[in-house]
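See below for the structure under consideration.
Only the coordinates and a few stated rules stand behind these numbers; no lab work does. Remember, predicted model here, so these are calculated numbers, not experimental data. Counting neighbours? That spans all protein chains shown, and the Cβs are built from the backbone with ideal geometry, glycine included.
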Amino acid sequence: MRRHRLTPRPDWRERARSLGFAYAEIAGEPYWDETACWEFTAAEVDLLDDATAELERLARQAADHAIRHDRRATLGIPEAVWPLLVQSWERQEPSLYGRMDLRWDGSGQPKLLEYNADTPTSLYESSVVQWEWLTCAYPDGDQFNSLHEALIAAWPGMRLPPTVHFTCVRDSAEDRGNVDYLRDTAMQAGLNAPFLHIDEIGWDGQRFVDLANREIRAAFKLYPWEALLHDAFGVHIARAATRWIEPTWRLLLSGKGILALLWELFPGHPNLLPAFREPGRTGGLEIAKPLFGREGANITAPGWRTEGPYGAEGFVYQAWSPLPCVDDRYAVIGSWLIAGKPHGMGIREDATPITRDTSRFVPHFFRSAA
Amino acid sequence: MRRVNMILLVLMGGGMALWSSRPSAECRDARARNAPDAAWICGQSGSSYGHSGGGYWGGRTWGGTGGTTSIASVVRGGFGSFHGFGGS
């Protein structure tokens, strides 16, 4: 695992634009960053692939344990919404995708930092944009990336009606780009995939409806479950027949509470870091993460603190294992799962050990074992 | 691990096909002949995972959302109070 400094392609902005990659720069700052890349060996990619599959196995076992043993307190999930999660789990509603954030420096075992199991982003750049970069920068190289074909293949297994509505908040090019890319893959899988903003969803007293007042039978929402349930329409979710993607049970895994439950169930597992709901139990330095924090907000780590609106819901305290720092950039590996199986990765870098919404996406490649 | 030789997009970027610079011999031949099924051949070859794409190749496109009854009293704006971006 090695970081290379590169000269960006002179036409990278035009290439990004032609791909419809509307958030290559965010607020005038680069988000897509090809001034560097990461090189892996095939064996390293295999190790990341295996670790991701293993962590998914643990996560599913932990979800099942949480449901069977009513562990909503550990996960910080309100009693009122628990039955929805139980029902969703017992129906085994399929998951489309998720992203595990891993700490790894090329030695030892990758460690799970958190599981973005509900609303992961950076999908389009992981799947398409960095592959397009690979074909230019390392045409003989390879990439841990079969996301595109895996997404198209996954949709039929979701057992959805012919039309799936796609929705997200307004005014976020990043969210809209991720949603439109998923629409693209759904359309290629034969689904109708209309879009509407989350605030445009209607309620007719019995059903959620679109702008033409037609029933939303299935919806992909890039909008966190904890917010969906908290919103004014949240009370209607249990009554409506709408199938949601990701399913409700993913809330078991997307909060940071799952880190504590995983460590309780699998103490000492090589892909986990010690984590507890109470401070001072890891036996060393700790990072405090809000149960439902996002984008690196309200994090307290040795020497670092970020601001934000989260934390009233409680924290998880995880053993401090700082990200590897090369060229003054801290790198986190986002390992993607499609339909529960590893299918690729994307790397984000930050000038601090806390990965935030201002972190930059840096492409990767590996050389096949010839 | 090796991925397909082509990524097809039907919405992003207005729809496009991104070709790898190292297509299979079968793919190269199909493209050289400008064969009508070149996209299919190149999408199928060279991947250890295979390539789905069946829905698109079937020629289906999205359009209407099916027929349901329109009801006059619809309330909107009940979702979306979350201040922040939805993704993470």
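Order these by the 10 Å Cβ neighbour count, fewest first: A:C325, A:C168, A:C37.
A:C325, A:C37, A:C168
Can you check what the net charge comes to around A:Y223, using other residues whose Cβ is under 14 Å from the Cβ of A:Y223 (Lys, Arg +1; Asp, Glu -1)?
On the way: positive: A:R170, A:R176, A:K221, A:R250, A:R294; negative: A:D118, A:D171, A:E174, A:D175, A:D199, A:E200, A:E226, A:D231, A:E246.
It works out to a net charge of -4.
Given a Förster radius of 22 Å and the C-beta distance between A:D171 and A:R305 as r, what FRET efficiency does 1/(1 + (r/R0)^6) yield to the nearest 0.05?
0.20
Computed FRET efficiency, Cβ-Cβ of A:E278 and A:C325, R0 30 Å: what is it to the nearest 0.05?
Using R0 = 30 Å, I get an efficiency of 0.55.
Please order A:T185, A:T121, A:T282 by the number of other Cβ within 10 Å, starting at the fewest.
Values: A:T185 32, A:T121 26, A:T282 18.
Going from sparsest to densest Cβ surroundings: A:T282, A:T121, A:T185.
So what is the relative contact order of chain A, in percent, for Cα pairs below 8 Å that sit 6 or more residues apart?
After rounding, I find 25 percent.
Below 15 angstrom from the Cβ of A:P247, what's the summed charge of the other residues (Lys, Arg +1; Asp, Glu -1)?
Within the 15 Å Cβ shell, the charges total +1.
Give me the inter-chain shielding for A:128-137: mean count of other chain Cβ atoms within 10 Å, whole number please.
Average neighbour count from other chains, rounded to a whole number: 3.
Which of A:W12, A:V45, A:H69 sits farthest toward the positive end of the charge dipole of the range A:1-73, with +1 on the Cβ of Lys and Arg and -1 on the Cβ of Asp and Glu?
Value computed over the given set: A:H69.
Given the rule -39500 (n - 2.57) for each run of at least 4 DSSP H residues, summed and divided by the residues of the protein assembly as shown, what is its mean residue ellipticity at 222 nm, to the nearest 500 deg cm²/dmol?
-7000 deg cm²/dmol
So which residue, out of A:G334, A:G293, A:G346, gets the largest mean-square fluctuation from a GNM of chain A using Cα contacts under 10 Å as springs?
Top of the fluctuation ranking is A:G293.
In whole Hz, with x marking every Gly and Pro, tabulate ³J(HN,Hα) for the range A:212-223 from phi via Karplus 6.51 cos²θ - 1.76 cosθ + 1.60, θ = phi - 60°.
Listing the rounded values in order: 9, 6, 9, 4, 8, 7, 8, 9, 8, 10, 8, 7 Hz.
Tell me whether chain A comes out rounded, prolate or oblate; compute the Cα gyration tensor, take square roots of the eigenvalues as a ≥ b ≥ c, and use a/c under 1.5 as the rounded threshold. Intermediate values should be presented prior to the final figure.
Values: a/c = 1.61, a/b = 1.13, b/c = 1.42.
In terms of gyration-tensor shape, oblate.
Quantify how strongly other chains surround peptide A:138-150 by giving the mean number of their Cβ atoms within 10 Å of each of its Cβ atoms.
Mean partner-chain Cβ count within 10 Å for A:138-150: 4.
Among the DSSP beta bridges whose two residues both lie in the protein assembly as shown, what percent are antiparallel, rounded to the nearest 5?
80
Give me a comma-separated list of calculated 3J(HN,Hα) values for the range A:337-345, in order, Karplus coefficients 6.51, -1.76, 1.60 applied at θ = phi - 60°, integers in Hz, x for any Gly or Pro.
These are the phi-based 3J(HN,Hα) values: 10, 10, 6, x, 10, x, 9, x, 8 Hz.
Label points 7 Å out from Cα along the Cβ direction at A:D105 and A:H230: separation in nm?
Placing both labels 7 Å beyond Cα along the Cβ direction yields 3.6 nm.
Full extension from A:H69 to A:A241: what is 0.36 nm times the residue separation minus their Cα-Cα distance, to one decimal in nm? Display every interim value, and only then the final one.
Values: separation 172, 0.36 × 172 = 61.92 nm, distance 2.69 nm.
So the extension gain works out to 59.2 nm.
Counting C-alpha atoms alone, how compact is the range A:248-317: give Rg to one decimal and Dmax as a whole number, in angstrom.
When restricted to Cα atoms, the range A:248-317 yields Rg and Dmax of 12.1, 36 Å.
Hey, got the average number of other protein chain Cβ atoms within 10 angstrom for residues in A:163-170?
The shielding value for this peptide is 3.
Please give the charge dipole size of chain A, origin at the Cα centre, charges +1 on K and R Cβ atoms and -1 on D and E Cβ atoms. Round to the nearest 20 debye.
620
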